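Student: The structure under discussion is supplied below as structure tokens; questions concerning it will follow.
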Amino acid sequence: MKTIIEPFRIKSVEPIYFTTKQEREAILKNAYYNPFYIHARDVLIDLLTDSGTNAMSSHQWAGIMEGDESYAGSESFFHFENTIKDITGMPIVIPTHQGRASEKILFSIIGGKGKYIVSNTLFDTTRANIEFSGAEGVDLLCEEGKLPEVPAPFKGNMNVEALKKFIKEKGAANIPLCVITVTNNSGGGQPVSMQNIKEVKKVCTENNIPLFIDACRFAENCYFIKLREKGYENKPVFDIARELFSYADGCTMSAKKDAIANIGGFLAMHSKELADQCRNLLIITEGFPTYGGLAGRDLEAIAIGLNEVMDEHYLRYRIRSIEYITEKLVAAGVPVMQPAGGHAVYIDAKLFLPHIPVDQYPGQALTGALYVEGGIRGVEIGSLMFGKYDQDKKLIPAQMELVRLAIPRRVYTQSHIDYVTEVIIEVFNKRDEIKGLEIVEEPPMLRHFTAKLKIAGDHMN
Ligand code: F0G
């Protein structure tokens, strides 16, 4: 088989800037060992997120010029609306400025004290919006999803038996929504099978619980279905997406991922009653319902990107590029989540750094080491992001200690990726030198964004 190549050529380039290892050591310390505080200019390869970091196509840039900036009823809105109706089959589309704005609106309406939102795994902003409403978010991930190194085709699946049990325990009336995240970002970018979505839908229908899809990475998930699920191998990704959305009552989406745009999001749904409530909130928070916090040009870029993302040459290259890094790391003995996810490589920091206890945040320590060694910025998805405290302020650790290296869409070439794997392997070979961290300052919610840390046991100067 021939090399799977990037299915585009480059028309415009953006320089990246080099720093020395010594400089990076100082930068990291000044950033309190938190990559969110590092200036992007000081990062060589930025794998912090695949969100909003996409390279738009020449068609999307042309769409930016075509954007209709009318306050109400702009042409770009109808292009956006029709595209989303087409893919999701949902008749109501509400634009928002990004995914979490959709979540905030949705959970302000359906959340509240005493309620539970069940999911395969909620992303952190989704969980935070649920908790902010007073409700509780509950992850019911399948067992194989919890074992990073054990490969399985659909590790993002929801545990259907656990769902039934939970409903019985808490009562369907207290569960206003079930959310399936595709792909399952916090669980390793792993896909959910069509079969699983169908089964979850059946349980939800029996109990009168609406099902929403967190659709950020729907195209990547649908391509995995095509590759791995029987009966879908010859179906176009568009048809697979149509089917996937057909089981849902609604969806939230961050267009910063699989719409290959730099900003944007939406809510789509069937219920007119819920949509009316959403629009009322939208108007006081985001904007008029035909732009919802976005410029007309953004709506245009999203509409075009949503079609480009389902191109199978693109998806083949996309999924392969993540698999390529994973294969190289596995061959070098680096513990990574398997199989490769759709948008990111997840390193198992617990196994990578067995000498660092979870309360010294091995994932965060590893992100620091990757930055110092090669100017690569990743993000911890472990106890800094998801850890809680018990009554004695003792850390209740997250299920896994992962470091995510998310690959922006259409941004880096194969040699960038080769460089990344070389750096990781180099760090792996001297992993014993890496030290644990402790928190010096943290906010009450979403602490990983702004927490300040230091080397464990070190005095602050
Ligand atoms: N849901 C999922 C599954 C996500 O991955 C994200 C964002 C959101 C919702 C929220 O969307 O950022 O547009 O408000 N994930 C980014 C990431 C931030 O890095 O994974 P948003």
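The values are calculated or read from the model by the stated rules, or taken from the named source; none is laboratory data. Computed from a predicted structure; not experimentally measured. We place every Cβ from the backbone using ideal geometry, glycine too, and count neighbours over all the protein chains shown. Accessible surface is based on the protein model in full, side chains and every heavy atom, while ligands, DNA and RNA are left aside. Shrake-Rupley method; radii C 1.70, N 1.55, O 1.52, S 1.80 Å.
Student: By the gyration tensor of its Cα atoms, with a ≥ b ≥ c the square roots of the eigenvalues, what is the shape of the stretch 58-308: rounded for a/c under 1.5, prolate for a/b over b/c, or oblate? Walk me through the numbers on the way to the answer.
Tutor: Working: a/c = 1.97, a/b = 1.29, b/c = 1.53.
Oblate is the answer for the stretch 58-308, as a/c is 1.5 or above yet b/c matches or exceeds a/b.
Student: A further question follows. Please say if the stretch 288-425 is rounded, prolate or oblate, where rounded means a/c under 1.5 for a ≥ b ≥ c the square roots of the C-alpha gyration tensor eigenvalues, and otherwise the choice is prolate for a/b larger than b/c and oblate otherwise? Before the final figure, lay out each step's value.
Tutor: Working: a/c = 2.48, a/b = 1.35, b/c = 1.83.
It is oblate, given that a/c is not under 1.5 and a/b is not larger than b/c.
Student: If one computes the Cα centroid of the stretch 74-146 and of the stretch 282-318, what distance in Å separates the two points?
Tutor: Taking the Cα centre of each part, the stretch 74-146 and the stretch 282-318 sit 16 Å apart.
Student: Further, regarding this structure: With only Lys, Arg, Asp and Glu charged, each at its Cβ (+1 for the first two, -1 for the last two), find how big the charge dipole of the stretch 58-308 is about the Cα centre; round to the nearest 20 debye. Numbers along the way, then the final one.
Tutor: On the way: 26 positive and 32 negative charges, 153 e Å.
Value, rounded to 20: 740 debye.
Student: How big is the charge dipole of the stretch 1-135 about its Cα centre, in debye rounded to the nearest 20, if each Lys and Arg gets +1 on its Cβ and each Asp and Glu gets -1 on its Cβ?
Tutor: Values: 13 positive and 16 negative charges, 106 e Å.
It works out to roughly 520 debye.
Student: Given the C-alpha centroids of the stretch 319-372 and the stretch 441-461, what is the distance between them in whole angstrom?
Tutor: A separation of 22 Å, based on Cα centres.
Student: Answer with one residue from ILE347, GLY287, ALA303: the one whose Cα lies farthest towards the positive end of the charge dipole of the stretch 252-360, charges on Cβ with Lys, Arg +1 and Asp, Glu -1.
Tutor: ILE347
Student: In the stretch 323-451, carbon and sulfur make up what percent of the accessible area (probe 1.4 Å)?
Tutor: Exposed carbon and sulfur together represent 51 percent of the surface.
Student: Separate question: As I understand it, the dipole of the chain uses +1 on the Cβ of Lys and Arg and -1 on the Cβ of Asp and Glu, about the Cα centre. Which of PRO335, GLY265, ILE38 lies farthest toward its positive end?
Tutor: Positive-most Cα among the choices belongs to PRO335.
Student: P(r) of the stretch 17-117 in 10 Å steps, Cα pairs, percent per bin?
Tutor: 11, 24, 25, 23, 15, 1
Student: A follow-up question, please. Which links in LYS85/LYS170; LYS202/LYS394; LYS113/LYS230; LYS164/LYS226; LYS113/LYS164 stretch past 30 Å when you go from one Cα to the other? It would help to have the intermediate numbers written out before the result.
Tutor: Numbers: LYS85/LYS170 34 Å; LYS202/LYS394 40 Å; LYS113/LYS230 42 Å; LYS164/LYS226 28 Å; LYS113/LYS164 22 Å.
Flagged as over cut-off: LYS85/LYS170; LYS202/LYS394; LYS113/LYS230.
Student: Using a probe of 1.4 angstrom, how much of the accessible area of the stretch 58-308 is carbon and sulfur, in percent? Intermediate values should be presented prior to the final figure.
Tutor: Details: 5010 of 9450 Å².
Answer for the stretch 58-308 is 53 percent, counting heavy atoms of protein chains only.
Student: To continue, here is another question. Taking a ≥ b ≥ c as the square roots of the Cα gyration tensor eigenvalues, with a/c under 1.5 meaning rounded and otherwise prolate when a/b beats b/c, else oblate, which class fits the stretch 160-202?
Tutor: Prolate.
Student: Let me ask something else. How much area per residue is accessible in the chain when the probe is 1.4 Å and only protein heavy atoms are counted (Å²)? Show your work: numbers first, answer last.
Tutor: Numbers: 19680 Å² over 461 residues.
Value for the chain: 43 Å² per residue.
Student: I need the peptides 47-53, 12-18 ranked by packing, meaning the mean over residues of other C-beta atoms within 10 angstrom, with the highest value on top. Can you show the working numbers first?
Tutor: Values: 47-53: 20.9, 12-18: 8.6.
Highest to lowest by the protection proxy: 47-53, 12-18.
Student: Quick check for me: using +1 on Lys/Arg Cβ and -1 on Asp/Glu Cβ, what's the dipole size of the chain about its Cα centre, in debye to the nearest 20?
Tutor: Numbers: 51 positive and 59 negative charges, 98 e Å.
That gives the chain a dipole magnitude of about 480 debye.
Student: Give the aspartates and glutamates reachable from LYS168 as a straight Cα distance under 17 Å; neighbours fewer than 8 places away on the same chain don't count.
Tutor: Cross-link targets: GLU136, ASP139, GLU199, GLU206.
Student: Mind checking which of GLY382, VAL200, PHE8 is farthest towards the positive end of the chain's charge dipole, using Cβ charges of +1 (Lys, Arg) and -1 (Asp, Glu) about the Cα centre?
Tutor: The Cα lying farthest towards the positive end belongs to VAL200.
Student: Only helical DSSP H runs with n ≥ 4 go in: add -39500 (n - 2.57) per run for the chain, normalise by residue count and round the 222 nm mean residue ellipticity to 500 deg cm²/dmol. Walk me through the numbers on the way to the answer.
Tutor: Details: 17 runs with 187 residues, N = 461.
Helix-only estimate at 222 nm: -12500 deg cm²/dmol.
Student: Can you give the three extents of the C-alpha atoms in the chain along their principal axes, from longest to shortest, in whole Å?
Tutor: 58, 55, 45
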